[in-house]
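All remarks here apply to the structure that follows.
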Amino acid sequence: MAYQDHLDGELVAFTYQANDGSFAVAKVRGTDGIVVVVGAIGHLSLGVSLSMQGRMDTHPKFGKRFKVQQVLVDNPKTLTGLHRYLASGAVAGFGDELARRAVETFGLRLLQVLDDDPEQLLQVKGIGKKRLEEIVHHWKRDRAGREVAVLLQGHDLGPAVVNRVVERYGDRAMAVISADPYRLAAEISGVGFKTADQIARAVGINANDPRRANAAVRWLLLDAEGDGHCFLPQEELERLGADLGLNAQALAAAIQDLILKGRVVRKAAAIPGHERIYRGEIERREAGVAKALMQRAGLRGGAGSDVERAEQKVGLELNQDQRQAVLTALTHGVAIITGGPGTGKTTIVKVLMRAAALRQEEWVLCAPTGRAARRLQESCGKEGKTLHRLLEYSMQTRSFMRNADKPLQVDGVLVDEASMVDLELMEALCEALPAGARLVLVGDADQLPSVGAGQVLADCIASGTLAVSTLHQVYRQAQDSGIVRNAWRIQAGQEPISAEQDQQAGLRQDFFLVPRLRPDHAVQTLIKVVQERLPKLGFDALNDVQVLTPMHRGPLGSIALNAALQQALNPTGESFARGHKTLRVGDRVIQTRNDYDNDIFNGDVGRIHAMASGGVEVDFDGRKVALVGEQVDQLELAYAISIHKSQGSEYPAVLVVLDTSHFVMLRRNLVYTGVTRAQRFCAVVGNPRALRIAVQKDGGGERYTGLSERLSEGFA
């Protein structure tokens with residue numbers, strides 16, 4: 001990529017540094033004097049020599065500055081720069097005075113002395129053997145990071161990626177990259193194949209090297225898994241490979257080589273060219289889940305009287321479909337309960353748990369996310385756990401402690417929000433279930449599938465081989481809700497009706513369409529509804545209202561909406577800046593990764609309670625957790641979140657934002673999932689054409705999975 005301007009100079013001072021080094025404002029001494037530089041250079045040490053590509057512009061408030069896009073770092077070129085470099089703490093063991101003496105003794109040869117003959121440093125007053133050991137130890141340890149930074153930053157990779165590389169490979173980092181830079185694409189988050197390919201050219205690996213095609217196949221399969229696929233048809237893999245500059249012959253040779261090495265599996269297909277290409281790990285996982293479900297499925301005896309007694313104990317009378325669903329769950333090794341909003345899935349779970357207790361059976365309730373598990377617990381009065389907690393995930397081993405060697409001590413496991421369960425999590429659950437235990441999956445198959453690879457619930461239902469109870473009857477109370485009625489309309493491919501247009505008697509006024517053709521008008525409307533309209537209806541703007549959007553980027557993505565909503569709802573107060581992110585006391589935030597040490601999980605929402613030393617203290621449903629350093633990077637503002645992130649959660653009031661700029665994401669199950677997150681109020685704000693496109697588009701997010709066919713073929 002070519003940049004407009006070039007600047008060489010010495011880094012002499014910082015006026016601002018983000019804690020993680022991802023952003024800084026600095027002063028660089030160039031040939032024409034001091035230049036203000038802004039960009040991802042906060043991780044660098046004072047005194048180093050920089051060669052930068054970027055753009056010179058003039059800020060209306062801060063004046064002339066150089067916005068750096070790409071930077072190469074070299075050792076200090078002047079005695080002053082070398083002194084500044086050592087005194088800044090770049091080399092542990094040196095302070096200001098010791099750095100001055102060392103520079104006076106060795107001049108610009110100092111860093112070469114550190115590399116080749118560090119014993120010479122004993123000539124410097126104040127450096128004894130103990131101090132020398134400290135200096136040499138840190139110099140050697142940090143050298144890997146410095147070398148990697150110089151190489152990777154030349155390819156637009158920032159400090160966070162550099163840190164991940166050094167953390168994974170240690171002092172072998174440069175050796176690993178030089179030997180096989182394609183490992184970066186497979187093993188380091190934030191590095192794609194094209195970037196690894198550029199690095200490969202830089203270290204002398206040519207475009208015809210077999211490692212290139214092998215790496216491309218592995219990366220394309222991994223990338224596909226990130227989109228939910230379990231495999232790619234060979235024809236599709238060849239098309240994607242061509243986009244990377246690989247010919248069909250090189251790709252075929254790479255696939256065959258990877259098959260021989262056990263890293264790739266090819267499954268036959270009726271149509272030539274459509275053979276299924278799996279990563280070996282995923283193919284074995286899919287086959288294992290299919291086998292486990294087949295072995296566990298089947299009848300396990302009667303339970304009719306237990307269901308009737310449980311209904312009496314709970315004080316609820318089930319309809320015929322619901323009663324049959326409970327009976328099926330008690331009498332089959334694997335059972336699925338599915339249905340749309342208002343069909344009483346929660347009621348079934350209550351009765352099922354009471355029936356299990358009457359039979360003196362030990363069952364556990366669980367869900368993929370913390371919020372879904374807590375909602376399950378609140379509605380059923382029985383402890384709910386996340387699947388990770390149930391299976392006892394260990395950060396040390398990065399695996400589940402509950403497995404075939406240490407199974408769960410239960411008679412049954414019920415998983416709510418099962419549409420969110422991916423293939424990897426289902427495999428872990430199947431391995432941990434003891435022989436004879438029953439498995440019940442509860443969920444709405446019309447919602448979005450899991451974020452991870454696979455679509456387990458949908459495939460299990462589609463196979464036609466497992467016991468499935470589908471609920472159709474909507475409770476009278478739910479029938480009166482515009483939210484529920486319109487969710488069913490969306491599911492049927494019909495456009496929803498706004499409350500002011502729906503004249504049916506007794507219908508609650510809880511669903512509205514708010515057309516806004518321009519994104520800026522939509523943002524203004526959102527802020528007004530959140531700040532003014534909903535509080536008048538009894539909703540707390542900070543606690544009860546959730547804005548949902550299909551995408552992260554763009555004028556109506558979660559990033560832009562969060563900035564606008566934060567400014568409107570929480571504009572002042574004590575704050576913490578990290579990179580381009582500013583968090584304030586009172587902000588609503590969402591955890592974006594599982595943090596097992598702090599017992600918080602991807603999708604957990606909290607409020608910033610206070611500032612902490614080097615971070616923030618977050619209140620997650622009454623439990624306060626201090627997060628510092630890189631832990632803060634796992635937090636994002638949550639005034640607006642993606643619809644995918646909302647899965648498994650419900651909110652008193654929901655505002656769904658839709659625009660034609662979201663075109664690539666617009667489809668029926670996306671809008672359906674967003675609308676069904678609302679408990680008491682829902683409004684769809686945005687372009688009516690975007691809503692129409694989404695409702696009419698059934699599918700569009702199909703996944704390449706084989707679980708359904710494996711189950712069908714296995715039972716046949």
Discussion item. For the range 564-602, which positions are touching a residue at least 60 places away in the same chain (Cβ under 8 Å), loosely packed, with under 14 Cβ neighbours inside 10 Å and part of a loop (DSSP other than H, G, I, E, B)?
Written reply: H580, D597
Discussion item. K61 - would you say it is assigned to a loop (DSSP other than H, G, I, E, B) and within 23 Å of D5 (Cα to Cα)?
Written reply: yes
Practice prompt. Search the range 666-716 for residues being more than 27 Å from D520 (Cα to Cα) and among the aliphatic types (A, V, I, L, M), and hand back the single one that is most open to solvent (accessible area, probe 1.4 Å).
Written response: A716
Practice prompt. Kindly provide the set of residues from the range 500-513 that are at pLDDT 85 or above and open to solvent by less than 30 Å² (accessible area, probe 1.4 Å), ordered by number.
Written response: D510, F511
Response to the item:
Note: among H644, H662, just one is under 17 Å from G557 (Cα atoms) and open to solvent by 50 Å² or more (accessible area, probe 1.4 Å), namely H644
Worksheet item: Given the conditions (1) in a helix (DSSP H, G or I); (2) touching a Gly at 6+ places or on another chain (Cβ under 9 Å); (3) buried (at least 18 other Cβ atoms within 10 Å of the Cβ), and given that T80 satisfies all but one, which numbered condition is not satisfied?
Response: (3)
Item to complete: Report, by residue number, each residue of the range 312-334 that is outside any loop (DSSP other than H, G, I, E, B) and either touching a residue at least 60 places away in the same chain (Cβ under 8 Å) or closer than 14 Å to D444 by Cα (or both).
Response: D321, Q322, Q324, A325, T328, A329, L330, H332, V334
Item to complete: Report whether or not A453 is open to solvent by less than 20 Å² (accessible area, probe 1.4 Å), closer than 30 Å to A292 by Cβ and in a loop (DSSP other than H, G, I, E, B).
Response: yes
Worksheet item: Restricted to the range 126-161, and to residues that are in contact with a helix residue (DSSP H, G or I) (Cβ under 6 Å, 6 or more places away or on another chain) and modelled with pLDDT of 75 or more, which residue is nearest to L184 (Cα to Cα)?
Response: W139
Worksheet entry | Near pairs, Cβ below 9 angstrom, 6+ apart or cross-chain, from the range 228-255 (touching a residue at least 12 places away in the same chain (Cβ under 8 Å)) to any residue that is open to solvent by 60 Å² or more (accessible area, probe 1.4 Å) and polar (S, T, N, Q) | G241/N247; A250/N208
Fill in: Criterion: among the aliphatic types (A, V, I, L, M) and surrounded by fewer than 20 Cβ atoms within 10 Å (Cβ to Cβ) - qualifying residue of V364, V307, V351
V364
Discussion item. What's the total number of residues in the range 475-495 that are of a type outside the set (F, W, Y) and open to solvent by 30 Å² or more (accessible area, probe 1.4 Å)?
Written reply: 10
Response to the item:
Considering only helices (runs of 4 or more DSSP H) wholly within the range 335-446, the ones with at least 1 residues that are farther than 22 Å from Q591 by Cβ, among the aromatic types (F, W, Y) and at pLDDT below 90 are none
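The values are calculated or read from the model by the stated rules, or taken from the named source; none is laboratory data. Because the structure is predicted, anything quoted here is derived from the model rather than measured. Cβ coordinates were reconstructed from backbone atoms using ideal geometry, including for glycine residues, and neighbour counts include every protein chain displayed. Calculation scope for accessible area: heavy atoms of the full protein, side chains included, ligands and nucleic acids excluded. Shrake-Rupley method; radii C 1.70, N 1.55, O 1.52, S 1.80 Å.
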